[in-house]
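To start, the structure under review is shown below, and the notes come after it.
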Amino acid sequence: MKETINFIKTKIKSIPKIGIILGSGLGDFATNLTDTVELNYKDIPNFPQSTVKGHDGKLIFGKIKDKYIVVMKGRIHFYEGYDIKDVVFPVKILSKIGVKKLIVTNAAGGLNTDFNPGDLMLIEDHINLAGKNPLIGPNDESDGPRFLDMTNCYDKDLIEKSQKIANELDQKLQKGIYMYFSGPSYETAAEVRMARILGADAVGMSTVPEVIVARHRGIKVLGISTITNMGTGVLDKPLDHAEVVEVGKEVSDKFTKLLTNIIEVI
Ligand code: HPA
């Protein structure tokens, strides 16, 4: 980690206080940054590589609305074959660099029948169905507590601020519970029915490991899902990753507008 942090620190102009992880198809947001420093994951010592289509693999530092932020364009997923520790390595690095607030975004399947593909959803809480917890193993108390309290995991104040901004922009913003499956196969229709019974509004294959580690480090978290499709069996229609990326691109404008305005006030 020291080597990674030293490398990054020699490249950046200022310390970013806000970090953003961009999910599938949401990478376009990064084009709005100015004064950028772009680091390819492959050029950063010890950094894991993203292998998924729609995930570029760049750490981009830059300014938006006069705030210096860092954007992860492309994330690492457990289903790519990485150890869960590698999945969360970038968040540990962002924390050590000085990030205090993390906006985590993803593409997700909608389960709540009030939702439609193209909706944005504020994550109110999650259910970790993948059975993987990145805090398993020895704990360094200087990083965070052994037994992490998950109250207010998705920061209520950030949720309220985001909702207010969406209202001002006249944007519809859904709220709900995100259930994490490991993937990479999509859920079966039976799993989707189970997820709905257990209280989930959306399902996806990311986010939860990063959020747990961010909270462990005391970082405040805001989570936003793009509902790119309805979960398996909700509609009589097969699922396709190309569609997930495509819907991500279609919502790019409203997603960017919302995110930019949120960054301004937090
Ligand atoms: N399930 C899991 N992950 C997803 C989905 C889905 O339906 N859509 C986008 N990511």
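The values are calculated or read from the model by the stated rules, or taken from the named source; none is laboratory data. These figures come from a predicted structure and were not determined experimentally. Every residue, glycine as well, gets a Cβ built from its backbone with ideal geometry; the counts of neighbours run over all protein chains shown. Side chains are part of the model used for accessible areas, which takes the heavy atoms of the whole protein and leaves out ligands, DNA and RNA. Shrake-Rupley method; radii C 1.70, N 1.55, O 1.52, S 1.80 Å.
Report in % the part of the accessible area of region 173-229 that belongs to carbon and sulfur, leaving out ligands and nucleic acids; probe 1.4 Å. Kindly include the intermediate steps, with their values, before the conclusion.
Details: 930 of 1740 Å².
Using a 1.4 Å probe with all protein chains present, region 173-229 comes out at 53 percent carbon and sulfur.
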Inset, instruction - Go ahead and estimate [θ] at 222 nm for the chain from helices alone: -39,500 (n - 2.57) per DSSP H run with n ≥ 4, summed, over the residue count, rounded to 500. - result: -9000 deg cm²/dmol
Inset, instruction - Could you go through region 83-88 in sequence order and give the Karplus-derived ³J(HN,Hα) for each residue, using 6.51 cos²θ - 1.76 cosθ + 1.60 with θ = phi - 60°, rounded to whole Hz, and x for Gly and Pro? - result: 5, 4, 5, 6, 4, 9
Legend entry - Whole-Hz couplings from phi, Karplus 6.51/-1.76/1.60, listed for region 131-141; x for Gly and Pro: x, 10, 10, x, 8, 5, x, x, 10, 9, 4
Inset, instruction - Given the options Ile103, Ile18, Ile44, state which has the largest fluctuation in a GNM of the chain using a 10 Å cut-off (strictly under) for Cα springs. - result: Ile44
Legend entry - Size of charge dipole - region 136-218 - debye, nearest 20, with Cβ of Lys, Arg +1 and Asp, Glu -1, no other charges: 260
Legend entry - Spatial separation of Cα centroids for region 1-71 and region 167-241, in angstrom: 24
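For the chain, what is the accessible area per residue in Å², given a 1.4 Å probe and the full set of protein chains?
Numbers: 11640 Å² over 266 residues.
Accessible surface, normalised per residue, equals 44 Å².
Can you pull out the GluC sites (Glu not before Pro) in region 67-157 whose DSSP state is coil and whose Cβ has at most 15 other Cβ atoms within 10 Å?
Numbers: sites: Glu80, Glu124, Glu141; in loops: Glu141.
When the GluC sites (Glu not before Pro) of region 67-157 are filtered for loop state and at most 15 Cβ neighbours within 10 Å, Glu141 remain.
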Legend entry - Amide H partners (placed H, <5 Å) of Leu102, local residues excluded: Gly19, Lys220, Val221, Leu222
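So what is the relative contact order for region 52-111, in percent, with contacts set as C-alpha pairs under 8 Å and at least six apart? Could you put the intermediate results ahead of the total?
Working: 38 pairs, mean separation 12.7, N = 60.
It rounds to 21 percent for region 52-111.
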Inset, instruction - Just the number, please: carbon plus sulfur as a percent of the accessible area of region 98-154, 1.4 Å probe, no ligands or DNA/RNA counted. - result: 49
Inset, instruction - With only Lys, Arg, Asp and Glu charged, each at its Cβ (+1 for the first two, -1 for the last two), find how big the charge dipole of the chain is about the Cα centre; round to the nearest 20 debye. - result: 880
Legend entry - Extreme residue, positive dipole direction of the chain, given options Phe181, Phe78, Pro48 (C-beta unit charges): Pro48
Legend entry - Candidates Glu187, Glu210, Glu160, ranked by Gaussian network fluctuation over the chain, Cα under 10 Å, top entry: Glu160
Inset, instruction - Determine how large the accessible area of Tyr178 is when every protein chain is in place; take a 1.4 Å probe and give Å² rounded to the nearest 10. - result: 0
Inset, instruction - Among Gly131, Gly98, Gly118, determine the one that fluctuates most according to a GNM of the chain built with springs between C-alpha atoms less than 10 Å apart. - result: Gly131
Inset, instruction - Tabulate in residue order the Karplus-calculated ³J(HN,Hα) for region 203-211, using 6.51 cos²θ - 1.76 cosθ + 1.60 with θ = phi - 60°, rounded to whole Hz; enter x for Gly and Pro. - result: 10, x, 10, 8, 6, 4, x, 5, 5
Inset, instruction - Quick one: which residues, 5+ away or cross-chain, put their amide H under 5 Å from the amide H of Gly231? H built at 1.01 Å from N. - result: Gly110, Leu111
